[in-house]
Amino acid sequence: MNVVIHPVHFDASEGLVDFINKKLAKLETFFDRIIEAEVFLKMETKQNIKDKIVEVKLHVPGKTLFVTKTSKTFEESTDLALRTIAEQLKKQKARQQQL
């Protein structure tokens, strides 16, 4: 699986990039035909509160899966996003096995 991480308007630390790569590698246990993963990291400030937004786009054969999650840290947002996209992967695998 090819992984591309796009930090928007900031530089992501090496630790954060490693964390995201390790978490994404675990997705292959649910569905082994993932072509590419794109991760967008954004920061949003509302009323002096900085929210961290993680968007994950997975390219699988015949479909693109997408999820956006927001929380106080990038690590927490990543965990939430990957839990959600793992469920989408399980459903996609079940659909493909029915064909």
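Worth a mention:
- Pairing each residue of segment 13-40 that is among the basic types (Lys, Arg) with any residue that is in a helix (DSSP H, G or I), provided the two are 6+ apart or on different chains, yields C-beta distances under 7 Å for LYS23/THR78; LYS23/LEU82.
Yes or no, residue by residue, for (1) within 17 Å of ALA86 (Cα to Cα); (2) modelled with pLDDT of 95 or more; (3) surrounded by fewer than 11 Cβ atoms within 10 Å (Cβ to Cβ):
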| position | (1), (2), (3) |
| --- | --- |
| GLY15 | no, yes, yes |
| ASN48 | no, no, yes |
| VAL54 | yes, yes, no |
| PRO61 | yes, no, yes |
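- Filtered residues of segment 63-76 (kept if among the aromatic types (Phe, Trp, Tyr) and surrounded by fewer than 18 Cβ atoms within 10 Å (Cβ to Cβ)): PHE66
- Within segment 67-95, being more than 24 Å from GLY15 (Cα to Cα) and free of Cβ contacts under 8 Å to residues at least 12 places away in the same chain holds for GLU87, LYS91, ALA94, ARG95.
- Count of residues meeting criterion [of a type in the set (Lys, Arg) and out of contact with any strand residue (DSSP E or B) (no Cβ under 9 Å at 6 or more places or on another chain)] in segment 27-54: 1
The values are calculated or read from the model by the stated rules, or taken from the named source; none is laboratory data. Everything quoted here is computed from the prediction, not taken from an experiment. Cβ coordinates were reconstructed from backbone atoms using ideal geometry, including for glycine residues, and neighbour counts include every protein chain displayed.
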